[in-house]
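The values are calculated or read from the model by the stated rules, or taken from the named source; none is laboratory data. Computed from a predicted structure; not experimentally measured. A quick note on method: Cβ atoms are made from the backbone with ideal geometry, for glycine too, and the neighbour counts reach across all protein chains shown.
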Amino acid sequence: MLSVVIATHNSERSLLPTLAALVQGAAAGIVREVIVADAGSRDATTTIADGAGCRVLVSAQGRGARLKAAADAARASWLLFLRPGVVLDATWVDETRRFVEQAELQGCAGTHAAVFRVSAFRPGLLEALALLGTALGAKPDASQGLVIAKARYAALGGHRDVEEPERDLRRRLRRRHLALLRTGAIVAGSDKILD
């Protein structure tokens, strides 16, 4: 059902909890594969990913180009984009399955996408502002985790190689076609998750 795509760069410490949260999805049969799009990490990021059974694609390209290449290589009809350090709540499997099945039954898999709500942030002003913005009705941030049909992703042109590819993609998603799931995503870790 899902191909999980994670862009990494020297993310060994933050990748581990993200992958651990996906084990439940693999056991339930919702996660078909995990693709790690690495920027040539010099730490143990690719060793950890490989040891966890992930497909590892290494490229010197920017994050947007790596995310797009990984999405293009994905085998499932739905994509789940996560950043290293994002840990999904335990209810993510059931809710994601429900969202995907409902979108497919309603024939709107090609138009809808979903993000996870913010459960907690590591301390910081930017994170607090993002949480406040979400609470006040701002469009959810795709860095919380984005579930999107592969066909819809392709129709939008995928991630572009720009400074903030997740934000750029989110801008191209219409608000009425972007659901906010009840399941939370904890943004944790101190590793550099942007490159």
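Numbers for the structure displayed
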item	result
Whichever residue in the range 168-186 is touching a helix residue (DSSP H, G or I) at 6+ places or on another chain (Cβ under 7 Å) and not charged (D, E, K, R) and, among such residues, is surrounded by the most Cβ atoms within 10 Å (Cβ to Cβ)	ALA185
ASP43 vs. criteria surrounded by fewer than 16 Cβ atoms within 10 Å (Cβ to Cβ) and touching an Asp or Glu at 6+ places or on another chain (Cβ under 8 Å)	yes
Condition broken by ALA128, with the remaining ones in (1) crowded, with 19+ Cβ neighbours inside 10 Å; (2) of a type outside the set (S, T, N, Q); (3) modelled with pLDDT under 85 satisfied	(1)
Flag for ASP50 being touching a residue at least 24 places away in the same chain (Cβ under 8 Å) and of a type in the set (Asp, Glu)	no
Some residue of the range 70-86 being within 16 Å of ALA149 (Cβ to Cβ), charged (D, E, K, R) and in contact (Cβ under 8 Å) with a residue 12 or more places away in the chain	yes
Residue selected from the range 100-123 under the condition of a type in the set (S, T, N, Q) and either at pLDDT below 80 or not in a loop (DSSP other than H, G, I, E, B) (or both), by the criterion nearest to SER14 (Cα to Cα)	SER119
Qualifying position, being modelled with pLDDT of 95 or more, farther than 19 Å from GLU163 by Cα and in contact with a Gly (Cβ under 8 Å, 6 or more places away or on another chain), among ASP50, ASP72	ASP72
